Amino acid sequence: LVEYGDFQCPACRSAFPLLKEVKEKYQDDLTFIFRNNPITQIHPNAKVASAAAEAAGLQDKFWEMHDILYNQQNVWANASIDDRQAFFIDMAKEIEVPDIDKFKADMKSKKITDKINFDLALARKDGVTATPTIFFNGERLESDVWADIDKLSTLIEDTVK
């Protein structure tokens, strides 16, 4: 299951609890991949949020940062350029990222920028124009499927069998 998401996107925030439930329910049978697709034209803090998640991921805290970014989206989404870094550093501390100095440096690193650009290139290749966009086994799912826990569970279970 692949999600192309934008951490500042309200629709992605709405989809987050359902996708988290699916991820936990099928953790032994399903690989869940999050691809960054920050739509910076309308979400100016999205790319920096992606960088925070990826920087946390370099210290094995991607999913924890992923979750806190969505859970606290209303806190940081409208932060100014001057303030947003502080929000992400505070979140990193809250989820106990081991090395905060490394986290800060990694957020600005070429490695993280390259990872986000790679995800964006995959989104373009896959024809992604909005977030969230969900794929299952390479097939794009319509929102009436992925947004319905019963339909999505049936699809997964029919494939896993």
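The values are calculated or read from the model by the stated rules, or taken from the named source; none is laboratory data. Everything quoted here is computed from the prediction, not taken from an experiment. Using ideal geometry, Cβ is built from the backbone for each residue, glycine included, and neighbour counts are taken over all protein chains shown. To get the accessible areas, we keep the full protein, side chains included, count just its heavy atoms, and leave off ligands, DNA and RNA. Shrake-Rupley method; radii C 1.70, N 1.55, O 1.52, S 1.80 Å.
Here are some notes:
- Taking the numbered list (1) of a type outside the set (Lys, Arg); (2) open to solvent by 10 Å² or more (accessible area, probe 1.4 Å); (3) in contact (Cβ under 8 Å) with a residue 60 or more places away in the chain in turn, Ala15 passes all entries but (2).
- Any hit, region 85-97, residues being open to solvent by 30 Å² or more (accessible area, probe 1.4 Å), free of Cβ contacts under 8 Å to residues at least 24 places away in the same chain, of a type in the set (Val, Ile, Thr) and assigned to a helix (DSSP H, G or I): no
- Taken over region 17-41, the criterion of being out of contact with any Asp or Glu (no Cβ under 8 Å at 6 or more places or on another chain) and closer than 21 Å to Asp126 by Cα is satisfied by Leu30, Thr31, Thr40, Gln41.
- Set side by side, the residues Glu54, Glu64 differ, and just one is open to solvent by 10 Å² or more (accessible area, probe 1.4 Å), under 22 Å from Glu21 (Cβ atoms) and modelled with pLDDT of 95 or more, which is Glu64.
- Residues in region 121-160 that are within 19 Å of Lys23 (Cβ to Cβ) and among the basic types (Lys, Arg): Arg140, Lys151.
- With respect to the conditions (1) open to solvent by less than 20 Å² (accessible area, probe 1.4 Å); (2) out of contact with any Gly (no Cβ under 8 Å at 6 or more places or on another chain); (3) outside any loop (DSSP other than H, G, I, E, B); (4) under 26 Å from Phe103 (Cβ atoms), Gln8 lacks only one, and its number is (3).
- Screening the candidates Glu21, Glu3 for the property of being charged (D, E, K, R) and outside any helix (DSSP H, G or I) yields one hit, Glu3.
- Residue count, region 26-70 (criterion: assigned to a helix (DSSP H, G or I), among the acidic types (Asp, Glu) and more than 12 Å from the chain's Cα centre (by Cα)): 0
- Pick from region 140-161, criterion within 19 Å of the chain's Cα centre (by Cα) and without any contact (Cβ under 8 Å) to a residue 60 or more places away in the chain, ranking: least open to solvent (accessible area, probe 1.4 Å): Leu141
- Breaking point among (1) closer than 30 Å to Thr154 by Cα; (2) open to solvent by 40 Å² or more (accessible area, probe 1.4 Å); (3) in contact with a helix residue (DSSP H, G or I) (Cβ under 8 Å, 6 or more places away or on another chain); (4) β-branched (Val, Ile, Thr), for Thr40: (1)
- Criterion (at negative phi, out of contact with any Leu (no Cβ under 7 Å at 6 or more places or on another chain) and open to solvent by 30 Å² or more (accessible area, probe 1.4 Å)) met by exactly one of Asn45, Asn137, Asn117: Asn117
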